[in-house]
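Visitor: Pasting a structure here, questions to come.
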Amino acid sequence: IVMFGRLKKHPLFIKLLINSYAPYLGAGVRVTDVDMSAGRVRVEMPLTRINRNYVGVHFGGSLYAMVDPFFMLILINQLGEDYIVWDKAASIDFIAPGRGRVHTIMQISPDEVALIRQLASSSQPIYRTYPVEILAEDGKLIAKVEKVLYIRKKR
């Protein structure tokens, strides 16, 4: 059990686990870099016939799926078992059509983790909002996503 605990935090295991998740396989979403100890995940997705919408660009649900669980996963890893972390809300603003490979990097800084620990010390729920941009290969902004997380220290 101790070995599995260490293994489930290993970057290659995390990538394998997430990249083999059926909805991500179907959409073509791939985690290309993960460092939970640094609180960072990079995700990309090519445009394929499977994730293309009626007008030939990235399906909005697939764009959102690229970022869906990662802030929660980062914080669960960063904060540890003494905290509850849940996705609370999200919004997405589609800026431009995604016509090729898109990518994003999600990161939570050590300063933010320290602030969360301080704010949650009373065991009262706190809510934190994390913005992230989805970019085309040339750096063009495709979509902006905001994720709101519910965080509470366990009683």
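The values are calculated or read from the model by the stated rules, or taken from the named source; none is laboratory data. Because the structure is a prediction, the values reported are computed rather than measured. Note: ideal-geometry Cβ built from the backbone for every residue, glycine included; neighbour counts use all protein chains shown. The accessibility values were calculated without ligands, DNA or RNA, using every heavy atom of the protein model including side chains. Shrake-Rupley method; radii C 1.70, N 1.55, O 1.52, S 1.80 Å.
Visitor: Given Leu12, Leu25, which one is of a type in the set (A, V, I, L, M, F, W, C) and at pLDDT below 85?
Guide: Leu12
Visitor: Which pairs turn up if I take residues in the stretch 43-54 that are over 9 Å from Ala27 (Cα atoms) and look for partners that are open to solvent by 100 Å² or more (accessible area, probe 1.4 Å) with beta carbon separation below 6 Å, at least 6 apart in sequence or on another chain?
Guide: The qualifying pairs are Glu44/Arg30; Asn53/Phe59.
Visitor: Pairs under 6 Å by beta carbon, first residue polar (S, T, N, Q) in the stretch 70-91, partner in a strand (DSSP E or B), six or more apart or different chains?
Guide: Short answer, once both residue conditions are applied: Ser91/Glu146.
Visitor: When the residues of the stretch 110-135 are filtered to those that are open to solvent by 20 Å² or more (accessible area, probe 1.4 Å) and among the aliphatic types (A, V, I, L, M), which remaining residue is farthest from Gly98 (Cα to Cα)?
Guide: Leu119
Visitor: Just checking, does the stretch 90-102 include any residue being touching a Ser or Thr at 6+ places or on another chain (Cβ under 9 Å), modelled with pLDDT of 95 or more and closer than 16 Å to Glu146 by Cα?
Guide: No, the stretch 90-102 has no match at all.
Visitor: May I pose another question? Can you tell me which of Val148, Val113 is under 26 Å from Arg30 (Cα atoms) and out of contact with any Lys or Arg (no Cβ under 7 Å at 6 or more places or on another chain)?
Guide: Just a single option satisfies the conditions, and that option is Val113.
Visitor: In the stretch 1-100, which strands (runs of 3 or more DSSP E) lie fully inside it and hold 2 or more residues that are open to solvent by less than 40 Å² (accessible area, probe 1.4 Å) and more than 21 Å from Tyr127 (Cβ to Cβ)?
Guide: Filter on the stretch 1-100 gives 30-35, 40-45.
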